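Engineer: My questions all concern the structure below.
The values are calculated or read from the model by the stated rules, or taken from the named source; none is laboratory data. Source: prediction; values computed, not measured. We place every Cβ from the backbone using ideal geometry, glycine too, and count neighbours over all the protein chains shown. All accessible areas refer to the heavy atoms of the entire protein, side chains included, with ligands and DNA or RNA removed. Shrake-Rupley method; radii C 1.70, N 1.55, O 1.52, S 1.80 Å.
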Amino acid sequence: MRTPTLHQLAAAAAALLAIGVQAQQSAPAAAPAMTAAEIETGKKIYFERCAGCHGVLRKGATGKNLEPHWTKKLADGSVQEGGTLKLGTPRLEKIIGLGTEGGMVNYDDILTKEEIDIMARYIQQKPDVPPEFSLKDMEASWKLIIPVDQRPKSQQNKINLKNVFAVTLRDSGELALIDGDTKLIWKILKTGYAVHISRLSASGRYVYTVGRDGLVTLIDMWFAEPTTVATIRMGSDARSVDTSKFKGYEDKYLIGGTYWPPQYSIMEGDTLKPLKIVSTRGMTVDGEYHPEPRVASIVSSQIKPEWVVNVKETGQILLVDYSDIKNLKTTTIESAKFLHDGGWDASKRYFMVAANASHKVAAVDTKTGKLAALIDTAKIPHPGRGANFKHPQFGPVWATGHLGGAAVSLISTASDKPADAKYKQHNWKVVQELKMPGAGNLFVKTHPKSKNLWADLPMNPERENAESVYVYSLADLNKTPVKLDVAKDSGLPQTKALRRAVHPEYSQDGTEVWISLWGGKTDQSAIVIYDDKTLKLKKVITDPKMVTPTGKFNVWNTQHDIY
Ligand code: DHE
């Protein structure tokens, strides 16, 4: 059974008004009482489970605004004031426990009843404002474990580094490096809390991993065994890092974006020594001040010494020129809210980023430093990095799936190749929508050597969808996709909690696709590997050490932005 949706709650509130409740005149109730220990628990759970979508200050982004003016019921028990819905403890408990049709997941199998009660009361209190994080704080947290001159001068192992997979072990706060050729775990390293993504240095030697707690870990793969050579904290809540990839700047700089404080930091690429912090607080595209504009995706240009920094709440895309860090030049491009994830088009000139609350994708022309287009898509686009291929009818396209719509949108992208001139009329339009069995897609993927497009559906509420992936044939995109039941193929016994099949990732040569089967923290998870040509199961990695695998980053494909 699911909770009433926000629409149903709104309808109930409107009905109360209709029977004459003069809610506009009611005074706000005091926040429900909480002990100091309960507040501490609420703070911890809010950071770990809620802040990502609702924001640290609870102003809302992917998730709803959760400030007390909205969460607290009025003193007389009514729930409506000046058109603003108010909730109160019992309703909040239901929403947290059962989720909403608006996309909020149910927490009744993650939090205990007591924790749900604490959270329902906690979000009626004034939001806590965490401390700022300065360059001095970064310096104090910086650990240069092995200086550059004490590291190997050449690769000291026989592993084919290009086909290593860096695998996020989400709930154990670890990163597994798996040899893609032998499928053996090479090493598991401690990283930050609920580690989020990994990126590669331009040289392919270093792996950078960022935890949700803002900890960046620098791993050197040239030692006999992968070794952590430096760590640093960038703030208290983070999601993104990337390196300097332009010719002449390889491995020189690292940039990291934080959710809290809202800022980005520039570090030395091979030591993580902090160099500069730039705040992203400021005006939204609507001209309003926002105190928490979080840094979402960051990518490194290969055609200029520049990073593309996407600021979620303001809808501003920053092109940060790193050729002179002391006199930093930034181009600010207005797009739409709320910017989240994205990837390059096939030419690597245009960056395509999801503005998820606007149901749009922004295409940035990094050559001219201007917005090329804002493209309407289905509800809540979520591309991961997207997927590039040549459509039989419309030429080069970039694909995105959606969290809120049952479709994969194919957007025609511009190309300088004379042979592609005939597709120009279609550029920056959705030229086809591939039907998915439901909403809840997170990632799509293809490879230049592949004839397939893979799409997952991990956030779909139906078990059979969430535990499967769908494979479209690029030769005939009108054909129903092949459904692969990843949970069944893993051979593991069914568990109470869903095991979400998430994040398809290709091997370096594009012949295999690796899928994470993301189970509960105490359940056995797996990585299930398919042959891309035959779609036959090739291998299942079920080592008990593989705790909650999610993102997988093939070294070569990540290093070269191949997707
Ligand atoms: Fe992610 C990428 C933010 C939840 C797995 N995620 C990103 C990026 C951002 C982001 C900003 C882009 C980074 C870049 O390219 O520089 N993710 C967020 C959130 O704010 C959110 C919604 C909630 C939260 O509290 O963190 C969130 N993400 C998740 C998950 O629950 C996922 C599915 C599992 C996990 O490991 O936590 C998840 N996110 C990923 C992955 C990528 C990612 C695997 C990288 C995709 C790629 O192919 O590059």
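Engineer: In degrees, nearest 10, range 0 to 90: what is the angle between the Cα axis of helix 36-45 and the longest Cα principal axis of the chain?
Structural biologist: Result, in degrees: 40.
Engineer: Separate question: What Kirkwood radius, in Å to one decimal, follows from the Cα pairs of the range 404-563?
Structural biologist: Taking the inverse mean of 1/r over all distinct Cα pairs, the range 404-563 comes out at 16.5 Å.
Engineer: If you don't mind, there's one more thing I want to ask. Zone of L135 (label point 7 Å along Cα→Cβ, backbone N under 15 Å): which residues in the range 245-282?
Structural biologist: 264-268, 273-279
Engineer: Between K126 and K44, what length comes free when the chain is fully extended (0.36 nm per residue of separation minus the Cα-Cα distance, one decimal in nm)?
Structural biologist: 28.0 nm
Engineer: Pulled fully out, how much extra length does the chain show between L537 and R463, if you take 0.36 nm times their separation in residues and subtract their Cα-Cα distance?
Structural biologist: 24.6 nm
Engineer: I would also like to ask the following. Counting only heavy atoms of the protein chains, get the accessible area per residue of the chain (1.4 Å probe) and round it to a whole Å² value.
Structural biologist: Heavy-atom accessible area per residue stands at 40 Å².
Engineer: How much net charge surrounds S415 when only other residues with a Cβ under 12 Å from its Cβ are counted (Lys, Arg +1; Asp, Glu -1)?
Structural biologist: Overall, the nearby charge balance is +3.
Engineer: Evaluate the charge dipole of the chain about its Cα centre and quote only its size in Debye, nearest 20, assuming +1 on the Cβ of each Lys and Arg and -1 on the Cβ of each Asp and Glu.
Structural biologist: That gives a dipole near 860 debye.
Engineer: Let me ask another. With the contact rule set at Cα under 8 Å and sequence spacing of 6 or more, what percent relative contact order holds for the chain?
Structural biologist: Over the chain, the number comes to 8 percent.
Engineer: Something else now. Working from Cα positions, state the angle (0 to 90°, nearest 10) between the long axis of helix 89-98 and the longest principal axis of the chain.
Structural biologist: Long axis of 89-98 versus the principal axis of the chain: about 30 degrees.
Engineer: Rounded to the nearest 10 Å², what accessible area does E462 show when all protein chains are kept and the probe is 1.4 Å?
Structural biologist: 100 Å²
Engineer: May I pose another question? At a Förster distance of 22 Å, what's the computed FRET efficiency of K429 paired with K379, Cβ-Cβ distance as r, to 0.05?
Structural biologist: 0.75
Engineer: Moving on. Of all accessible surface on the range 23-122 at a 1.4 Å probe, what whole percent is carbon and sulfur?
Structural biologist: 54 percent
Engineer: Which net charge results when you count Lys and Arg as +1 and Asp and Glu as -1 among the other residues whose beta-carbon is under 12 Å from that of Q508?
Structural biologist: Summing Lys/Arg as +1 and Asp/Glu as -1 gives -3.
Engineer: Could you calculate the contour length gain from A29 to I145, that is, 0.36 nm times the residue separation minus the distance between their Cα atoms, to one decimal place in nm?
Structural biologist: 36.5 nm
Engineer: Over the range 23-122, what is the relative contact order in percent, taking alpha-carbon pairs closer than 8 angstrom and at least six residues apart?
Structural biologist: 32 percent
Engineer: Could you pull the accessible area for V431 with a 1.4 Å probe, rounded to 10 Å²?
Structural biologist: For V431, the solvent-accessible surface is approximately 30 Å².
Engineer: Can you tell which of Q156, P131, P396 lies farthest toward the positive end of the dipole of the chain, using +1 and -1 charges on the Cβ of basic and acidic side chains (Lys, Arg; Asp, Glu)?
Structural biologist: P396
Engineer: Another question, then. Using alpha carbons only, how many degrees (0 to 90, rounded to 10) separate the axis of helix 113-122 from the longest principal axis of the chain?
Structural biologist: Taking Cα atoms only, the helix is inclined about 80 degrees.
Engineer: On to the next question. Which order do K247, K304, K533, K390 take by accessible area at a 1.4 Å probe, largest first?
Structural biologist: K533, K247, K390, K304
Engineer: Using a Förster radius of 22 Å, what is the FRET efficiency between K304 and K417 based on their Cβ-Cβ separation? Nearest 0.05, please.
Structural biologist: With R0 = 22 Å, the Cβ-Cβ based efficiency is 0.60.
Engineer: Run lengths n ≥ 4 of DSSP H only: what is the helix-derived mean residue ellipticity at 222 nm for the chain, with -39500 (n - 2.57) per run over all residues, to the nearest 500?
Structural biologist: -3000 deg cm²/dmol
Engineer: By average Cβ neighbour count within 10 Å, what is the ranking of 414-425, 162-173, 274-285 from highest down?
Structural biologist: Those peptides, ordered most packed to least, come out 162-173, 274-285, 414-425.
Engineer: Here's something else I'd like to know. Please give the net charge around Q559, taking every other residue with its beta carbon less than 12 angstrom from that of Q559, where Lys and Arg add +1 and Asp and Glu add -1.
Structural biologist: Net of charged neighbours comes to 0.
Engineer: Moving on. For K496 and K545, what does the FRET efficiency come to when R0 = 30 Å and r is the distance between their Cβ atoms, rounded to the nearest 0.05?
Structural biologist: Computed FRET efficiency for K496 and K545: 0.85.
Engineer: Filter the cross-link list K348/K451; K64/K245; K245/K390; K187/K533; K360/K488 down to pairs whose alpha-carbon distance in this structure exceeds 31 Å.
Structural biologist: Cα-Cα > 31 Å for K64/K245; K360/K488; rest within.
Engineer: With all protein chains present, how much of the accessible area of the range 498-563 (probe radius 1.4 Å) comes from carbon and sulfur, to the nearest whole percent?
Structural biologist: Answer for the range 498-563: carbon and sulfur cover 52 percent of the accessible area.
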